[in-house]
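One structure is given below, encoded as C-alpha coordinates.
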Amino acid sequence: MQILYSLCYWIGNSPMGKVVHDSAWMFPVIETIHLFGIVVLVGAASVLDLRLMGVAFKDFTVSALADRFLPWIWAGFAVQVVTGFLLFASEATKMYGSGVFRVKMLLILAAGINALVFHFIGYRSVGTWERDPVAPLSARLAGVLSILLWFGIVGAGRWIAYS
Ligand code: HEM
(Lines give C-alpha, C1' and ligand atoms only; values in the text may rest on other atoms or scores of the structure.)
Protein backbone atom coordinates (compact mmCIF):
# COMPACT_ATOMS: atom_id res chain seq x y z
CA MET A 1 0.00 0.00 0.00
CA GLN A 2 1.70 3.14 -1.29
CA ILE A 3 0.11 5.52 1.24
CA LEU A 4 1.17 3.35 4.20
CA TYR A 5 4.71 3.12 2.82
CA SER A 6 4.82 6.93 2.36
CA LEU A 7 3.67 7.38 5.96
CA CYS A 8 6.38 4.99 7.20
CA TYR A 9 8.98 6.76 5.06
CA TRP A 10 7.91 10.12 6.51
CA ILE A 11 8.01 8.83 10.11
CA GLY A 12 11.39 7.17 9.52
CA ASN A 13 12.87 10.40 8.16
CA SER A 14 11.32 12.64 10.82
CA PRO A 15 13.70 14.16 13.40
CA MET A 16 12.31 11.71 15.98
CA GLY A 17 12.98 8.67 13.79
CA LYS A 18 16.44 9.90 12.80
CA VAL A 19 17.58 10.74 16.31
CA VAL A 20 16.79 7.22 17.56
CA HIS A 21 18.21 5.60 14.43
CA ASP A 22 21.48 7.58 14.49
CA SER A 23 22.12 7.18 18.20
CA ALA A 24 24.30 4.29 19.39
CA TRP A 25 22.49 3.94 22.74
CA MET A 26 18.88 5.13 22.26
CA PHE A 27 17.49 2.02 20.57
CA PRO A 28 18.79 -0.44 23.21
CA VAL A 29 17.70 1.84 26.07
CA ILE A 30 14.19 2.28 24.62
CA GLU A 31 13.96 -1.44 23.86
CA THR A 32 14.90 -2.21 27.48
CA ILE A 33 12.11 0.11 28.71
CA HIS A 34 9.83 -1.69 26.18
CA LEU A 35 10.75 -4.94 27.96
CA PHE A 36 9.98 -3.43 31.40
CA GLY A 37 6.59 -2.39 30.02
CA ILE A 38 5.96 -5.97 28.88
CA VAL A 39 6.67 -7.28 32.36
CA VAL A 40 4.16 -4.86 33.91
CA LEU A 41 1.47 -5.24 31.22
CA VAL A 42 1.65 -8.98 30.57
CA GLY A 43 2.31 -9.79 34.24
CA ALA A 44 -0.72 -7.86 35.47
CA ALA A 45 -2.94 -9.09 32.61
CA SER A 46 -1.92 -12.69 33.31
CA VAL A 47 -3.07 -12.43 36.95
CA LEU A 48 -6.55 -11.42 35.80
CA ASP A 49 -6.56 -13.99 33.00
CA LEU A 50 -5.58 -16.86 35.32
CA ARG A 51 -8.37 -15.82 37.72
CA LEU A 52 -10.89 -15.71 34.87
CA MET A 53 -9.71 -19.14 33.73
CA GLY A 54 -10.24 -20.46 37.27
CA VAL A 55 -6.61 -21.57 37.48
CA ALA A 56 -5.24 -19.28 40.23
CA PHE A 57 -6.08 -16.53 42.76
CA LYS A 58 -9.50 -18.11 43.39
CA ASP A 59 -9.62 -16.61 46.91
CA PHE A 60 -9.99 -13.15 45.38
CA THR A 61 -13.09 -11.79 43.69
CA VAL A 62 -12.68 -10.91 40.02
CA SER A 63 -13.57 -7.24 40.62
CA ALA A 64 -11.05 -6.92 43.48
CA LEU A 65 -8.29 -8.22 41.19
CA ALA A 66 -9.51 -6.01 38.34
CA ASP A 67 -9.42 -2.91 40.59
CA ARG A 68 -5.93 -3.82 41.72
CA PHE A 69 -4.37 -4.78 38.40
CA LEU A 70 -6.15 -2.73 35.71
CA PRO A 71 -4.15 0.44 36.54
CA TRP A 72 -0.93 -1.57 36.03
CA ILE A 73 -2.25 -2.98 32.75
CA TRP A 74 -3.03 0.53 31.50
CA ALA A 75 0.31 1.91 32.71
CA GLY A 76 2.21 -0.93 31.03
CA PHE A 77 0.22 -0.47 27.83
CA ALA A 78 0.99 3.27 27.76
CA VAL A 79 4.72 2.52 28.13
CA GLN A 80 4.45 -0.03 25.31
CA VAL A 81 2.73 2.35 22.91
CA VAL A 82 5.22 5.19 23.52
CA THR A 83 8.39 3.07 23.46
CA GLY A 84 7.04 0.85 20.65
CA PHE A 85 6.33 3.91 18.51
CA LEU A 86 9.85 5.29 19.10
CA LEU A 87 11.41 1.94 18.11
CA PHE A 88 9.13 1.80 15.10
CA ALA A 89 10.02 5.37 14.07
CA SER A 90 13.72 4.49 13.95
CA GLU A 91 13.16 1.68 11.44
CA ALA A 92 9.74 2.46 9.99
CA THR A 93 10.32 1.41 6.37
CA LYS A 94 11.96 -1.83 7.55
CA MET A 95 8.91 -2.50 9.75
CA TYR A 96 6.66 -1.78 6.77
CA GLY A 97 8.26 -4.75 5.04
CA SER A 98 8.10 -7.05 8.08
CA GLY A 99 5.24 -9.54 7.98
CA VAL A 100 5.88 -10.44 11.63
CA PHE A 101 5.49 -6.77 12.67
CA ARG A 102 2.09 -6.73 10.93
CA VAL A 103 1.09 -9.93 12.70
CA LYS A 104 2.12 -8.35 16.02
CA MET A 105 0.00 -5.22 15.36
CA LEU A 106 -3.00 -7.40 14.42
CA LEU A 107 -2.57 -9.46 17.60
CA ILE A 108 -2.49 -6.24 19.69
CA LEU A 109 -5.70 -5.15 17.97
CA ALA A 110 -7.27 -8.57 18.68
CA ALA A 111 -6.21 -8.39 22.37
CA GLY A 112 -7.84 -4.94 22.61
CA ILE A 113 -11.06 -6.16 20.99
CA ASN A 114 -11.16 -9.22 23.27
CA ALA A 115 -10.75 -6.99 26.36
CA LEU A 116 -13.45 -4.56 25.15
CA VAL A 117 -15.94 -7.33 24.33
CA PHE A 118 -15.39 -8.90 27.76
CA HIS A 119 -15.64 -5.53 29.51
CA PHE A 120 -18.92 -4.56 27.85
CA ILE A 121 -20.58 -8.00 27.79
CA GLY A 122 -19.15 -10.60 30.22
CA TYR A 123 -18.01 -8.21 32.95
CA ARG A 124 -21.39 -6.46 33.25
CA SER A 125 -22.79 -9.38 35.23
CA VAL A 126 -19.60 -9.88 37.29
CA GLY A 127 -21.46 -9.32 40.58
CA THR A 128 -23.48 -12.51 40.06
CA TRP A 129 -20.52 -14.88 39.47
CA GLU A 130 -17.31 -13.29 40.71
CA ARG A 131 -17.23 -15.30 43.93
CA ASP A 132 -17.52 -18.61 42.05
CA PRO A 133 -14.13 -20.35 41.82
CA VAL A 134 -14.96 -21.18 38.21
CA ALA A 135 -16.20 -18.25 36.09
CA PRO A 136 -18.82 -18.63 33.30
CA LEU A 137 -17.64 -20.02 29.96
CA SER A 138 -17.55 -16.58 28.29
CA ALA A 139 -15.23 -15.22 31.00
CA ARG A 140 -13.02 -18.31 30.88
CA LEU A 141 -12.78 -18.00 27.10
CA ALA A 142 -11.91 -14.29 27.36
CA GLY A 143 -9.14 -15.19 29.85
CA VAL A 144 -7.69 -17.98 27.69
CA LEU A 145 -7.81 -15.84 24.56
CA SER A 146 -6.23 -12.89 26.37
CA ILE A 147 -3.29 -14.86 27.74
CA LEU A 148 -2.69 -16.57 24.38
CA LEU A 149 -2.81 -13.23 22.55
CA TRP A 150 -0.41 -11.48 24.96
CA PHE A 151 2.06 -14.35 24.83
CA GLY A 152 1.72 -14.36 21.04
CA ILE A 153 2.45 -10.61 20.96
CA VAL A 154 5.60 -11.12 23.03
CA GLY A 155 6.69 -13.95 20.72
CA ALA A 156 5.99 -11.93 17.58
CA GLY A 157 7.86 -8.92 19.06
CA ARG A 158 10.95 -11.04 19.66
CA TRP A 159 10.62 -12.63 16.23
CA ILE A 160 10.69 -9.30 14.36
CA ALA A 161 14.48 -9.15 14.66
CA TYR A 162 14.81 -12.38 12.67
CA SER A 163 12.17 -11.67 10.01
C1 HEM B 1 1.40 -3.83 23.49
C2 HEM B 1 2.26 -4.74 23.86
C3 HEM B 1 3.59 -5.01 23.22
C4 HEM B 1 4.36 -6.11 23.51
C5 HEM B 1 4.01 -7.22 24.49
C6 HEM B 1 5.55 -6.00 22.71
C7 HEM B 1 6.59 -6.92 22.70
C8 HEM B 1 7.80 -6.75 22.10
C9 HEM B 1 8.96 -7.63 22.23
C10 HEM B 1 9.04 -8.91 23.09
C11 HEM B 1 9.95 -7.11 21.49
C12 HEM B 1 11.37 -7.69 21.29
C13 HEM B 1 12.31 -7.06 22.28
C14 HEM B 1 13.71 -7.59 22.10
O15 HEM B 1 14.01 -8.19 21.07
O16 HEM B 1 14.53 -7.39 23.00
C17 HEM B 1 9.45 -5.91 20.84
C18 HEM B 1 10.17 -5.12 20.00
C19 HEM B 1 9.61 -4.13 19.24
N20 HEM B 1 8.34 -3.59 19.36
FE21 HEM B 1 6.94 -4.18 20.68
N22 HEM B 1 5.49 -4.85 21.95
C23 HEM B 1 4.31 -4.20 22.22
C24 HEM B 1 3.85 -3.03 21.64
C25 HEM B 1 4.44 -2.40 20.57
C26 HEM B 1 3.88 -1.31 19.82
C27 HEM B 1 2.52 -0.66 20.11
C28 HEM B 1 4.77 -1.01 18.82
C29 HEM B 1 4.72 0.01 17.72
C30 HEM B 1 3.85 0.99 17.59
C31 HEM B 1 5.90 -1.89 18.96
C32 HEM B 1 7.04 -1.88 18.18
C33 HEM B 1 8.17 -2.63 18.38
C34 HEM B 1 9.38 -2.52 17.59
C35 HEM B 1 9.62 -1.59 16.39
C36 HEM B 1 10.30 -3.44 18.13
C37 HEM B 1 11.74 -3.70 17.68
C38 HEM B 1 11.76 -4.75 16.61
C39 HEM B 1 13.20 -5.11 16.23
O40 HEM B 1 13.79 -4.38 15.45
O41 HEM B 1 13.69 -6.13 16.73
N42 HEM B 1 5.66 -2.72 20.03
N43 HEM B 1 8.15 -5.72 21.24
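The values are calculated or read from the model by the stated rules, or taken from the named source; none is laboratory data. A quick note: this is a predicted structure, and the numbers were derived from the prediction, not measured. Because the Cβ atoms are built from the backbone with ideal geometry, glycine has one as well, and the counts that use them run over all protein chains shown.
Observations, loosely collected:
- Any hit, the range 98-120, residues being over 19 Å from the mean Cα position of the chain (by Cα), buried (at least 17 other Cβ atoms within 10 Å of the Cβ) and not basic (Lys, Arg): no
- Restricting the range 23-43 to residues that are in a helix (DSSP H, G or I) and of a type in the set (Gly, Ala, Ser) leaves a set whose member that is nearest to the chain's Cα centre (by Cα) is Gly37.
- Only helices (runs of 4 or more DSSP H) whose full extent lies in the range 83-163 are considered here, and the ones with at least 2 residues that are within 23 Å of Gly54 (Cβ to Cβ) and either more than 8 Å from the ligand (Cβ to nearest atom) or touching a helix residue (DSSP H, G or I) at 6+ places or on another chain (Cβ under 7 Å) (or both) are 99-120, 126-129, 137-159.
- Listed by first and then second residue, the pairs with beta-carbon distance under 6 Å, at least 6 apart or on different chains, first residue in the range 30-45 and more than 11 Å from Phe77 (Cα to Cα) and modelled with pLDDT of 95 or more, second polar (S, T, N, Q) and near the ligand (Cβ under 10 Å from one of its atoms), are Ile30/Thr83; Ile33/Thr83.
- Hey, Ala75 within 29 Å of Ala139 (Cα to Cα), away from the ligand (no atom under 11 Å from the Cβ) and under 14 Å from the mean Cα position of the chain (by Cα) or not: yes
- Test for Val39: is it surrounded by 13 or more Cβ atoms within 10 Å (Cβ to Cβ) and within 24 Å of Val154 (Cβ to Cβ): no
- Residue check, Ser146 surrounded by 14 or more Cβ atoms within 10 Å (Cβ to Cβ), at pLDDT 95 or above, under 19 Å from Val39 (Cα atoms) and of a type in the set (Ser, Thr, Tyr): yes
- Matching entry among Arg124, Arg158, Arg131 (being basic (Lys, Arg), at pLDDT below 95, over 17 Å from Leu70 (Cα atoms) and loosely packed, with under 15 Cβ neighbours inside 10 Å): Arg131
- Answer from Leu48, Leu7 - the residue that is part of a helix (DSSP H, G or I) and either closer than 30 Å to Arg140 by Cα or touching a Cys at 6+ places or on another chain (Cβ under 9 Å) (or both): Leu48
- Where a residue in the range 136-163 is of a type in the set (Gly, Ala, Ser) and its partner, wherever it lies, is within 12 Å of the ligand (Cβ to nearest atom) and outside any helix (DSSP H, G or I), with Cβ under 8 Å and at least six apart: Ser163/Ser98
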